[in-house]
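*Asks:* One structure, as structure tokens, below. Some questions next.
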Amino acid sequence: MKTAFFDIDSQLDFLYPAGALYVPGAERIVPAVARLNRYAAEHGIPVISTADAHAEDDPEFRAWPPHCVAGATGQHKAEATLLERRVIIPNRECDPELGGAQQIIVEKQTVDVFAARNLGRLLERLEADRYVVYGVVTEICVQFAASGLLKTGKPVAVVTDAVKELSPEDSRRTLADLCARGAALATVSEVCAARQ
Ligand SMILES: [Zn+2]
């Protein structure tokens with residue numbers, strides 16, 4: 001079984017109180033995200049790290065306060081979640097060159113990583129049999145990633161102690177909906193104890 005991990009939007013603007021679009025309490029999942037990413041690197045599992053990379057006047061800023069502007073400090077991923085060998089796949093037409101990277105940072109401009117131009121091609125190249133998803137926020141970007149991955153027909157697990165939500169009620173509804181559509185829930189310890 002070939003697994004791929006999806007680390008969703010673990011960027012400074014979302015994770016820390018000084019961030020432009022802070023998700024309260026999100027800093028508490030950083031060690032869990034870091035542990036999963038390191039575990040993946042040690043076991044040859046590719047980590048797809050999605051990352052908002054907005055223009056300064058991005059249309060999304062009509063709905064949300066400006067955040068994760070490309071190149072700004074807040075757009076960076078949390079240091080602890082970075083792996084040594086990484087590539088950035090920009091959100092424009094290009095041929096994703098993976099070159100043995102442990103971490104593939106997929107830049108996106110909307111809440112749905114499946115709207116990122118190269119994601120389809122990247123998934124084809126990875127040929128994963130199952131997916132493990134975590135990050136922020138549960139009921140928005142994690143939900144879009146998990147939903148899109150479920151549509152590929154492959155098993156998807158959401159790591160419940162490595163996600164953070166804005167609204168507990170929306171998060172509960174989202175997880176119940178994903179499970180009804182075939183997703184599994186797992187903890188970091190379970191993911192790291194399972195044979196990949
Ligand atoms: Zn955004």
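The values are calculated or read from the model by the stated rules, or taken from the named source; none is laboratory data. What you are looking at is a predicted structure, and each value in this text was computed from that prediction instead of being measured. In this analysis, Cβ positions are derived from the backbone assuming ideal geometry, glycine residues included, and neighbour counts consider all displayed protein chains.
*Asks:* Can you name the residue in the range 125-173 that is surrounded by fewer than 17 Cβ atoms within 10 Å (Cβ to Cβ) and among the polar types (S, T, N, Q) and, of all such residues, is farthest from residue 30 (Cα to Cα)?
*Replies:* 152
*Asks:* Related question: For the range 60-75, which positions are within 10 Å of the ligand (Cβ to nearest atom) and free of Cβ contacts under 8 Å to residues at least 12 places away in the same chain?
*Replies:* Answer for the range 60-75, where residues must be within 10 Å of the ligand (Cβ to nearest atom) and free of Cβ contacts under 8 Å to residues at least 12 places away in the same chain: 61, 63.
*Asks:* Let me ask something else about it. Could you list, in sequence order, all residues of the range 1-59 that are small (Gly, Ala, Ser), within 16 Å of the ligand (Cβ to nearest atom) and part of a loop (DSSP other than H, G, I, E, B)? Full working, then the answer.
*Replies:* The first filter runs over the range 1-59 and keeps only residues small (Gly, Ala, Ser), leaving 4, 10, 18-20, 25-26, 32, 34, 40-41, 44, 49, 51, 53, 55.
Those left that are additionally within 16 Å of the ligand (Cβ to nearest atom): 10, 19-20, 26, 49, 51, 53, 55.
Once the filter is applied, which keeps residues that are small (Gly, Ala, Ser), within 16 Å of the ligand (Cβ to nearest atom) and part of a loop (DSSP other than H, G, I, E, B), the range 1-59 yields 10, 19, 20, 53, 55.
*Asks:* Can you list the helices (runs of 4 or more DSSP H) lying wholly within the range 111-196 that have 3 or more residues being among the charged types (D, E, K, R) and free of Cβ contacts under 8 Å to residues at least 40 places away in the same chain?
*Replies:* Working: elements: 119-126, 143-150, 168-180, 188-193.
Output list reads 119-126, 168-180.
*Asks:* Just to be sure before I move on: is residue 121 surrounded by 15 or more Cβ atoms within 10 Å (Cβ to Cβ) and more than 16 Å from the ligand (Cβ to nearest atom) in the structure I sent?
*Replies:* Working: surrounded by 15 or more Cβ atoms within 10 Å (Cβ to Cβ): no; more than 16 Å from the ligand (Cβ to nearest atom): yes.
When the stated conditions are applied, residue 121 does not pass them.
*Asks:* Is it the case that the range 158-174 has a residue that's of a type in the set (A, V, I, L, M, F, W, C) and closer than 19 Å to residue 1 by Cα?
*Replies:* Step one: of the range 158-174, the residues of a type in the set (A, V, I, L, M, F, W, C) are 158-159, 162-163, 166.
Those left that are additionally closer than 19 Å to residue 1 by Cα: 158-159.
Among the residues of the range 158-174, at least one is of a type in the set (A, V, I, L, M, F, W, C) and closer than 19 Å to residue 1 by Cα, which makes the answer yes.
*Asks:* Would you check if there is a residue in the range 24-46 being at pLDDT 95 or above, of a type in the set (S, T, N, Q) and loosely packed, with under 13 Cβ neighbours inside 10 Å? Reasoning before the result, please.
*Replies:* Residues of the range 24-46 at pLDDT 95 or above: 24-46.
Restricting the remaining residues to those that are of a type in the set (S, T, N, Q) gives 37.
Next, only the ones that are loosely packed, with under 13 Cβ neighbours inside 10 Å stay: none.
No, there is no match, as no residue in the range 24-46 is at pLDDT 95 or above, of a type in the set (S, T, N, Q) and loosely packed, with under 13 Cβ neighbours inside 10 Å.
*Asks:* Run residue 55 past the list (1) surrounded by 22 or more Cβ atoms within 10 Å (Cβ to Cβ); (2) out of contact with any Cys (no Cβ under 6 Å at 6 or more places or on another chain) and report the number of the one that doesn't hold.
*Replies:* All conditions are met except number (1).
*Asks:* Considering only residues that are buried (at least 20 other Cβ atoms within 10 Å of the Cβ) and free of Cβ contacts under 8 Å to residues at least 60 places away in the same chain, which ones fall in the range 99-110?
*Replies:* Answer for the range 99-110, where residues must be buried (at least 20 other Cβ atoms within 10 Å of the Cβ) and free of Cβ contacts under 8 Å to residues at least 60 places away in the same chain: 104, 105, 106, 107, 108.
*Asks:* On the given criteria, is residue 112 among the acidic types (Asp, Glu) and under 14 Å from the mean Cα position of the chain (by Cα)?
*Replies:* Yes.
*Asks:* If a residue must be within 16 Å of the ligand (Cβ to nearest atom) and of a type in the set (A, V, I, L, M, F, W, C), how many such residues does the range 124-138 contain? Don't jump to the end; show me each part of the working.
*Replies:* The first filter runs over the range 124-138 and keeps only residues within 16 Å of the ligand (Cβ to nearest atom), leaving 135-138.
So of that shortlist, the ones also of a type in the set (A, V, I, L, M, F, W, C) come out as 136-137.
Final tally of qualifying residues: 2.
*Asks:* Residues in the range 76-84: is at least one at pLDDT below 95 and exposed (fewer than 15 other Cβ atoms within 10 Å of the Cβ)? Lay out the reasoning, then the answer.
*Replies:* Our first condition is that a residue be at pLDDT below 95; within the range 76-84, this holds for none.
No, the conditions are met nowhere in the range 76-84.
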